[in-house]
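J.: Please read through the structure below; I'll follow up with questions.
Readers should treat all values here as calculations from the given coordinates under stated rules, not as data from a laboratory. This is a predicted model, so every value here is computed, not measured. As a convention, Cβ positions derive from the backbone with ideal geometry for all residues, glycine included, and neighbour counts pool all protein chains shown.
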Protein chains: 2
Amino acid sequence: MPVNFVKNALQRLVPVKVNGVTQVPYRGVGKYKPTGRKYAPKIASCADFPADGNKTVPTLKDALIRAGLSDGMVISTHHHFRNGDLVSIQIFDIAHELGIKNLVWVPSASFECQAVLIKYLEDGTIHHIEGSMNGSLGRFTSQGKMKGTGILRSHGGRYQAIQDGEIKIDIAVIAAPTADAFGNATGDRGPAACGLLGFALADSQYAGKVIVVTDNLVPFPCIPWQIQGNNVDYVVVVAQVGIPEKIVSGTTEITKSPDRLLLAELTSRFCDEAGIIYDGFSFQAGAGGTALSIGIYFAGILRERGMKARWARGGSNKYLVKMLEDGLVEYILDGQTFDLDGVRSMRENNGHVNTSPFTSYNYHGKGNFASMVDVVILGATEVDVNFNANVVTHSDGTLLHGIGGWQNCIFSKCTILPVPLFRDRIPVIRNEVTTICGPGELIDVIVTERGIAINPLRTDLIEKMKNSKLPIKTIQQLKDEAESICGIPEKPKFTGKPVAIVKWVDGTVIDTIWQLAE
Amino acid sequence: MPVNFVKNALQRLVPVKVNGVTQVPYRGVGKYKPTGRKYAPKIASCADFPADGNKTVPTLKDALIRAGLSDGMVISTHHHFRNGDLVSIQIFDIAHELGIKNLVWVPSASFECQAVLIKYLEDGTIHHIEGSMNGSLGRFTSQGKMKGTGILRSHGGRYQAIQDGEIKIDIAVIAAPTADAFGNATGDRGPAACGLLGFALADSQYAGKVIVVTDNLVPFPCIPWQIQGNNVDYVVVVAQVGIPEKIVSGTTEITKSPDRLLLAELTSRFCDEAGIIYDGFSFQAGAGGTALSIGIYFAGILRERGMKARWARGGSNKYLVKMLEDGLVEYILDGQTFDLDGVRSMRENNGHVNTSPFTSYNYHGKGNFASMVDVVILGATEVDVNFNANVVTHSDGTLLHGIGGWQNCIFSKCTILPVPLFRDRIPVIRNEVTTICGPGELIDVIVTERGIAINPLRTDLIEKMKNSKLPIKTIQQLKDEAESICGIPEKPKFTGKPVAIVKWVDGTVIDTIWQLAE
């Protein structure tokens, strides 16, 4: 089947149709305006649900059959259990056992533990993935082996797509560390506590059928109800929904690498000199050793000056929780907990608030939290001389990561990417990135160990830093330095076949992931 | 304009069309099954909202103009400020000033303080009310003076109607005791604290434009966010949103009337003997002196036996809060706070949870809380020999009350109506009620000072009580006793003109309110 392509507003070649659905090419930040109405789920009736509120059914298989599991359906899961997820695979084991074909899997993110699903991608149980194809699933996709074309979306873009009806979920399966028989569910307690369930919010609101799976059934009411039973069809009790030691699998220690510590220090000093750290400011640092270290720097500055942050966006971890409990941050608005201190704090501290892609990231809402953050610190695999950045593919062309909240976060008042100038002698700053995930106009500062580049659009920041002793350079200078050390990087070799597309926060197509030539 | 009528499943004459819209006559409990999809609001874009989250506009008038206020629009408000509401009237003052006509007002309930709106019903600023017409507004309606036909809905029915698109709100105005500039809002704190804002949830989710009005603007984030700023278009700061001393206006003291105390005692003894009070049971007693007294009895029984209720549905008040704080109730699932202890407790106790008509009452959801309650104690103006009951009109035919959550609550496992056998020498138990608000099949027990009648459908309760020393009688016996004392009551005289309809929880028409003949 020949695929037609067009160039979008970033001059990237994108397919006109994907999996049979016509796409809108990326038009620029804020340029595409939706005209339709939100997706409207069918009206339910209490007459069809048990009056005593007991929605339990014996097994996940029963629940899936009652939910009408059949060929071509769209099945969604969330990733709050991260690499300790035990439920997603079961769904497709059951589907395979029942001989169901061509399912579309819509996880909020995928993890290496789900690499076993490759067999179902190969045998046609799963047609394609809309979500993220990480690690082995990414390699499989890059090799052109997935039957359909993958669709990568940010956390906010996933909410947007479900809300807008671009994704019509037939069955949402929501694994929950604690739930009641009515379907109220929470992630902040129970043997497999994972903090919150915000990534499953859209699924619970818009899916045709919603199944809650738990290993900790409590008497009604399950408080808090992060997922509301009023949206739930069936509840299934299983022996174990997640492997606790693998749920909390993010980097939880600050970096010891001198290079990364330098990046953290330069970033913090930049924020301080640029006047970004003030009494009542807000920040989001994310996970990863460098980000954690930046948090430590921020805490030090606040403590020293008797100031506090009004709010921080999580991914929460023990360092952020300590800031909250030490009174250096008034509120953590948390999208996912990265360690057990985060889980405990969300359970115990009223100032540690669970959020969702709806509140924080959805671009098709009446505003969201991400654009209100004073400064966000993020990563990237590549950045080009126009500040366009890549977070999904590596420089060899392989798809290895999801977008996460990255696209949504770059709407903050100041987006800083601390990145090494090169990795394994491959320059990170380059003429052109393999895949554009975010347009350069939203990326304000690149911090490398050899210099800091400010986006020329941010004349205010350039002005503020003009007398700084920090190594302020142009992005071109950084690129040249990288190339003088590593040489000009080779471009990866692709076939002309798209294996996945990258959606922008508004549902338009910002770039294409191509099949690797080898 | 001639109106066509049909008889519904309860043999009540109901109009085929109301305000130009075709109606579905009541078909029986659980008999009408919705087939459509939920109402789908327009998709918004963050590109149209301020990136810094500041949605404040100078005045309510500005906000209404920006929201496009124009002839025939549907305007909604909530009633959490009860008789201390200061915002609803302003909306229509502004509309009148702008020369706007034929608005439809959709309050979640009306109060006597809003009787001044009669002038706008008279001059055509407001065409009709969908919500409740209490007191003076009810009399005005009963006299046939409203231009359109009123539509009475329960709290759950209001959510259902908005969700299902029967009511399409153009502009929702949400008065909030505390809010931030993004529109996050809470009722549990601030100078005009009213507890929660759950009655405005549907409005915030489905209205075209949402305006939050507050007198207590706090820096982002306003926590908790009972109303989510992501659904809000404009924020207006005013000097005062509500009169605190009038916000908490419900009965907050237990009754001293010997008759009412007897009703309370009989009801509690009935519940006890029928085995309804067990360790882990649930109840809803509502406001009013009798209900409060029943709560006290329940507390005594629980304390004496070392038991506790798992949950109670509020309307909360100081007695229910004391039960929570004494460990006699684990959770209060609260729909509205009736006194300042309720407000304080909701702010302070994690076990005092704010709910909404979505969680508690919406019949077009995947279940709701109301049907899970073990016992609910409610009032009625009249009950007929088939246990059908009336809560909106008096026996003289005048519309004076809204339905509140009454229709929703009667889905509980046991619905008990403690009522006096007669009021002002007018029998409460009668052959036929003036208006049927709830079908007798859902009403289980009538408790009067002269005897207790169990619905013949509840053979289980009749069996349990067969050896009771309580004065168990038939409903016919109670009616005969009332009539032997007061005589057979006269029927009110009506013209043939419908002035309002009463919707059932599923959107069908259960009865008609007629114009008074005088």
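J.: To two decimal places, what compactness ratio does region B:414-467 give when its Cα radius of gyration is scaled by 2.2 N^0.38 Å? Mind showing how you got there, number by number?
T.: On the way: Rg = 12.1 Å, N = 54, 2.2 N^0.38 = 10.0 Å.
Compactness ratio reported: 1.20.
J.: From the gyration tensor of the Cα coordinates in region A:1-90, what semi-axes in whole Å does the equivalent ellipsoid have, largest first, with each one equal to sqrt(5λ)?
T.: Working: eigenvalues 295, 77, 47 Å².
In descending order the semi-axes read 38, 20, 15 Å.
J.: Putting +1 on Lys and Arg Cβ atoms and -1 on Asp and Glu Cβ atoms, find which of B:His79, A:Gly68, A:Pro418 reaches farthest to the positive end of the dipole of the protein assembly as shown.
T.: Towards the positive end, the residue furthest out is A:Gly68.
J.: Based on Cα positions only, what radius of gyration and what Dmax would you give for chain B, in angstroms?
T.: Rg, Dmax (Cα atoms, Å): 22.6, 72.
J.: Between region A:319-388 and region B:26-92, what is the C-alpha centre distance in whole Å?
T.: 29
J.: Under 20 Å from the Cα of A:Lys55, which aspartates and glutamates turn up, not counting those fewer than eight places away in the same chain?
T.: A:Asp170, A:Asp180, A:Asp203, A:Asp215, A:Asp233, B:Asp374
J.: What Kirkwood Rh does region A:70-120 have if only Cα atoms enter the pairwise 1/r average? Answer in Å. Can you show the working numbers first?
T.: Details: mean 1/r = 0.0894 Å⁻¹.
It works out to 11.2 Å.
J.: Something else about it: What whole-number value in cubic angstrom gives the convex hull volume per residue for the C-alpha atoms of the protein assembly as shown?
T.: Numbers: hull volume 174.1 nm³, N = 1036.
With only Cα atoms used, the protein assembly as shown gives 168 Å³ per residue.
J.: Calculate I(q)/I(0) for region B:57-166 by the Debye formula, one identical point scatterer on each C-alpha and no solvent, and give its log10 at q = 0.09, 0.16, 0.19, 0.23 Å⁻¹ to two decimals.
T.: Cα-only, vacuum Debye calculation for region B:57-166: -0.21, -0.70, -0.99, -1.41.
J.: Also, I was wondering about something else. Helix check for chain A. Which DSSP H runs span at least 24 Å along their own axis by Cα, with a mean Kyte-Doolittle hydropathy no less than -0.5?
T.: On the way: long enough: A:289-305 (25 Å, 0.65).
Those that pass (Cα extent of 24 Å or more, hydropathy at least -0.5) are A:289-305.
J.: For the protein assembly as shown, with only Lys/Arg (+1) and Asp/Glu (-1) charged at the beta-carbon, what is the dipole magnitude about the Cα centre, in debye rounded to 20?
T.: Working: 104 positive and 104 negative charges, 334 e Å.
Using only the charged Cβ atoms, the result is roughly 1600 debye.
J.: What is the Cα radius of gyration of region B:50-248 over 2.2 N^0.38 Å, N being its residue count? The partial results should precede the final answer.
T.: Numbers: Rg = 15.5 Å, N = 199, 2.2 N^0.38 = 16.4 Å.
It is 0.94.
J.: Can I ask one more? Quick one: in region B:325-399, what % of C-alpha pairs are over 17 Å apart? Intermediate results must be reported in sequence, preceding the final value.
T.: Working: 1757 of 2775 pairs.
For region B:325-399, the fraction of Cα-Cα distances above 17 Å is 63 percent.
J.: Could you work out the pair-distance distribution P(r) of region B:414-518 from its alpha-carbon pairs, with 5 angstrom bin width and percents rounded to whole numbers?
T.: 2, 11, 18, 19, 17, 15, 11, 4, 2, 1
J.: Expressed as cubic angstrom per residue, what is the convex hull volume of the alpha carbon set of region B:31-77? Mind showing how you got there, number by number?
T.: Working: hull volume 7.6 nm³, N = 47.
Hull volume normalised by residue count: 161 Å³.
J.: Give me the Kirkwood hydrodynamic radius of region B:91-134, using the inverse of the mean 1/r over all pairs of distinct Cα atoms, in Å to one decimal. Please list the in-between numbers first.
T.: On the way: mean 1/r = 0.0960 Å⁻¹.
Over region B:91-134, the inverse of the mean reciprocal pair distance is 10.4 Å.
J.: Using a label point 7 angstrom from Cα along Cα-to-C-beta, what distances in nm, from shortest up, separate A:Lys256 from the other copies?
T.: Label-point distances to the other copies, shortest first: 7.6 nm.
J.: If only Cα atoms are counted, what is the Rg of region A:258-494, and what is its Dmax, in Å?
T.: So, for region A:258-494, Rg and Dmax equal 17.5, 54 Å respectively.
J.: Could you list, in their original order, any pairs among B:Lys31/B:Lys503; A:Lys246/A:Lys503; A:Lys42/B:Lys33 whose Cα atoms are separated by more than 20 Å?
T.: Values: B:Lys31/B:Lys503 14 Å; A:Lys246/A:Lys503 29 Å; A:Lys42/B:Lys33 12 Å.
Pairs exceeding the cut-off: A:Lys246/A:Lys503.
J.: For a quick check of your reading of the filter: which trypsin sites (Lys or Arg not before Pro) in region A:129-208 sit in a DSSP loop and have no more than 15 other Cβ atoms within 10 Å? Don't jump to the answer; show the numbers that get you there.
T.: Working: sites: A:Arg139, A:Lys145, A:Lys147, A:Arg153, A:Arg158, A:Lys168, A:Arg189; in loops: A:Lys145, A:Lys147, A:Arg153, A:Lys168, A:Arg189.
Loop-located and lightly packed - A:Lys145, A:Lys147.
J.: According to a simple spin-label model (label point 7 Å from Cα along Cα-to-Cβ), what is the distance in nm between A:Phe5 and A:Ile485?
T.: Output for this residue pair reads 3.3 nm.
J.: Only sites in a loop by DSSP and with at most 15 other Cβ atoms within 10 Å count here; which GluC sites (Glu not before Pro) in region B:120-193 make the cut?
T.: Those that pass, being in a loop and sparsely packed, number zero.
J.: Another question about this same structure. How much of the DSSP bridge set in chain B is antiparallel, in percent, rounded to the nearest 5?
T.: Numbers: 25 of 75 bridges.
Of those bridges, close to 35 percent are antiparallel.
J.: Could you let me know the centre-to-centre spacing of region B:399-427 and region A:187-243, using Cα atoms, in angstrom?
T.: Centre-to-centre distance over Cα atoms comes out at 36 Å.
J.: Please report which chain A residue places its beta carbon nearest the axis carrying chain A onto chain B, with the distance rounded to a whole angstrom.
T.: Spelled out as residue then distance in Å, it is A:Ala40, 2.
J.: From the label point of A:Thr474, set 7 Å from Cα along Cα→Cβ, how far away are the matching label points in the other copies, in nm, ordered shortest to longest?
T.: 10.0
J.: Right, next: Can you list the copy-to-copy distances for A:Asn19, using a point 7 angstrom from Cα toward Cβ, in nanometres, shortest first?
T.: Relative to the other copies, A:Asn19 has label-point distances of 4.2 nm.
J.: Now for a different question. For region B:258-493, how many pairs of lysine residues have a Cα-Cα distance under 22 Å, where the two are 8 or more positions apart or belong to different chains?
T.: Value for region B:258-493: 12.
J.: Starting from the Cα of A:Lys147, draw a straight line to each of the aspartates and glutamates and keep only those under 16 Å, dropping any in the same chain fewer than 8 residues away.
T.: Straight-line reach from A:Lys147, under 16 Å: A:Asp71, A:Glu122, A:Asp123, A:Glu130.
J.: Which percent, to the nearest 5, of DSSP beta bridges fully inside the protein assembly as shown are antiparallel?
T.: Details: 52 of 153 bridges.
Looking only at bridges with both residues in the protein assembly as shown, the antiparallel portion is about 35 percent.
J.: Give me B:Met372, B:Met307 ranked fewest to most by other Cβ atoms within 10 Å of their Cβ, as a rough exposure proxy. Walk me through the intermediate numbers first.
T.: Values: B:Met372 25, B:Met307 14.
With the fewest neighbours first, B:Met372, B:Met307 line up as B:Met307, B:Met372.
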